[in-house]
Amino acid sequence: MLDKLRDIAIRFQIDPLVSVGHAAKVTTVIKVLTDIHRSFANFLEVEFMKNEEFKNIADKNDKVFGTVKEDLELLIVDLKFGSFEAALAPCFPEENITLFRNEVVDWGKETFDTYKDLIVEGRYDEQSYIPKIANRYSDVERQKIFQPLFSAFGNGKDYVLNLMDINGRAKMKLVQPTKERFPFYVPKIEKAKEHLSYATVQAFLRVKKDGESYNFNSRGVKQVFFVEELPHDTYPFKPNIIRFDNFIYILSNKLECIVAYEDGSYIIKNELFNISVWGESREEVESAFAFNFHAIYENFALEEDGKLSVESKELKNKLLALVKTVLHEA
């Protein structure tokens, strides 16, 4: 079964441009895998809802697609270190299980092939390619599919993502479309305004202080110095507690981060640990940051010094100096 999956897998290589020994950074690997996984999961959902038979079943049972997506979860079916080369493919069941019927399995295989051929290997800057995508996917659907995929491609400064064939030869370099074409694939979607509208604002106030807390009600605010509405949720991110799954990292100091919004994505960067994550929402990008921080801590702070390079030891020492306590909730 594994050999069959290797034959049909999407194979890619992360080729670092700036790293020690030409080795891929842990954060880069996590980012690329996470982005491709999210793009494919969104693609599955879009294609699933275009199938009238499946959509009718899902309308009656909202757990149907969740089971389909779980069963078609991408697996790493082959892996080569160095620059980091991986092969990803869903695990297609050979026998009917859970909600799968023969036609669903066949649909899954056909959909994965479409994702490889039409989406991953798309000729994004060719005029003949654009009508194929425009006729098939709406603005919202294109954004869900291409935004995380293009995020995986990177900006070309830290690494290059190559699409590989089964023999280990590079087929093509995966790069984002030009700035002129990019908005077609990742359009800005205007959110429907609710009857009660809310805004994220940046404000400087003189407020009444009660111990360690502040009183923000009308009586507690003495003076308003400055108020500015933010077009996106780019308020500061300076956590002193980081939560990931059942792990809670209590920090000795606030971790200073840069928050930005570019090309439809929220971005959080931390220079101290070289973390850079993307997400469609503020909640998603903060979760991605927590995941990356946890992965770095597990891979470096808990590793023996003898197995680490000089650079990795420096990273380990920074982590140990910052993290005061690690709690694990049962």
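The values are calculated or read from the model by the stated rules, or taken from the named source; none is laboratory data. The model shown is predicted, which means the values in this text are computed figures rather than measured ones. Here the Cβ positions follow ideal geometry from the backbone for every residue, glycine too, while neighbour counts run over all protein chains shown.
Annotations
- Taken across the range 165-173, residues that are crowded, with 18+ Cβ neighbours inside 10 Å and outside any helix (DSSP H, G or I) do not occur at all.
- Test: residue in the range 217-239 that is hydrophobic (A, V, I, L, M, F, W, C), in contact with a Ser or Thr (Cβ under 8 Å, 6 or more places away or on another chain) and touching a residue at least 12 places away in the same chain (Cβ under 8 Å): yes
- Restricting the range 245-274 to residues that are part of a strand (DSSP E or B) and under 18 Å from residue 315 (Cβ atoms), the residue that is farthest from the chain's Cα centre (by Cα) is 251.
- Tabulated pairs, the range 199-211, first more than 22 Å from residue 234 (Cα to Cα) and modelled with pLDDT of 85 or more, second among the charged types (D, E, K, R) and in a strand (DSSP E or B), C-beta under 9 angstrom, 6+ apart or interchain: 206/222; 207/222; 208/222
- Meets criteria (closer than 30 Å to residue 323 by Cβ and out of contact with any His (no Cβ under 6 Å at 6 or more places or on another chain)) for residue 231: no
- Within the range 275-313, the residues that satisfy the criterion of being over 23 Å from the mean Cα position of the chain (by Cα) and either touching a residue at least 24 places away in the same chain (Cβ under 8 Å) or surrounded by 12 or more Cβ atoms within 10 Å (Cβ to Cβ) (or both) are 301, 303, 308, 309, 311, 312, 313.
- Any hit, the range 246-257, residues being closer than 30 Å to residue 134 by Cα, in contact with a helix residue (DSSP H, G or I) (Cβ under 6 Å, 6 or more places away or on another chain), at pLDDT 90 or above and not basic (Lys, Arg): no
- Taking the criterion of being of a type in the set (A, V, I, L, M, F, W, C), surrounded by fewer than 17 Cβ atoms within 10 Å (Cβ to Cβ) and within 29 Å of residue 277 (Cβ to Cβ), the residues of the range 120-164 that qualify are 140, 163.
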